Structures are given as C-alpha cells and as structure tokens.
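The values are calculated or read from the model by the stated rules, or taken from the named source; none is laboratory data. For clarity, every value in this text was computed on a predicted model and none was experimentally measured. To get the accessible areas, we keep the full protein, side chains included, count just its heavy atoms, and leave off ligands, DNA and RNA. Shrake-Rupley method; radii C 1.70, N 1.55, O 1.52, S 1.80 Å.
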Amino acid sequence: MGRAATASGQRDPFAVDEDAALAELELAWSDGGYHAFSAGGGHWCAVSIAGEVLTGGTPDELDREIRAHWEAMQ
C-alpha cells in the first residue's frame, strides 16, 4: 500500500495514497457501523456491522456505496 512511484522513482501525482484514504474512510464511517476497510488491486472494501461486504473501484466509489447502504438502513 501507500504511494505509487513512477519508473523514475518520483511519486505519481495521480496515484491514490491508499493508507491515507483508508484512514479517512475509517474515520468517517467507523461510528456508523462499518469496519475492516481494505484496498488492493483496484478493489476497495468495507464490512458493515451486519457482515455485508461493500466494494468500490476507488475510495470515492466505496464511499458512495457505504453512504447509499447507510441511508437505506435509516
């Protein structure tokens, strides 16, 4: 995880910092009943308190999935 580097060793300005994004998702959603946030190979995941696995291709997609799930449960 972490920042992706280019062939020249410089940080890719378009790469997602997975560690930072996961920390922000956990901060935003852990009190809402979501946990076990993970990312790898272009897959972002979170698990609801009921054990449902929510996924997205980016941190934003996962956030939208969690938000829609949370709103449906209200």
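Things worth noting here:
- Heavy-atom surface of the chain, accessible at 1.4 Å and reported per residue (Å²): 67 Å²
- Reported label for calculated Rg and Dmax of the Cα atoms in Å given [x] 13.5, 49; [y] 12.8, 47; [z] 30.5, 101: [x]
- Calculated from backbone phi, Karplus (6.51, -1.76, 1.60) coupling profile of segment 61-74 in Hz, x at Gly/Pro: 5, 5, 4, 5, 5, 5, 4, 5, 5, 4, 5, 5, 7, 7
- Only helical runs count toward this figure. For the chain, summing -39,500 (n - 2.57) over DSSP H runs of n ≥ 4 and dividing by all residues gives -11500 deg cm²/dmol at 222 nm.
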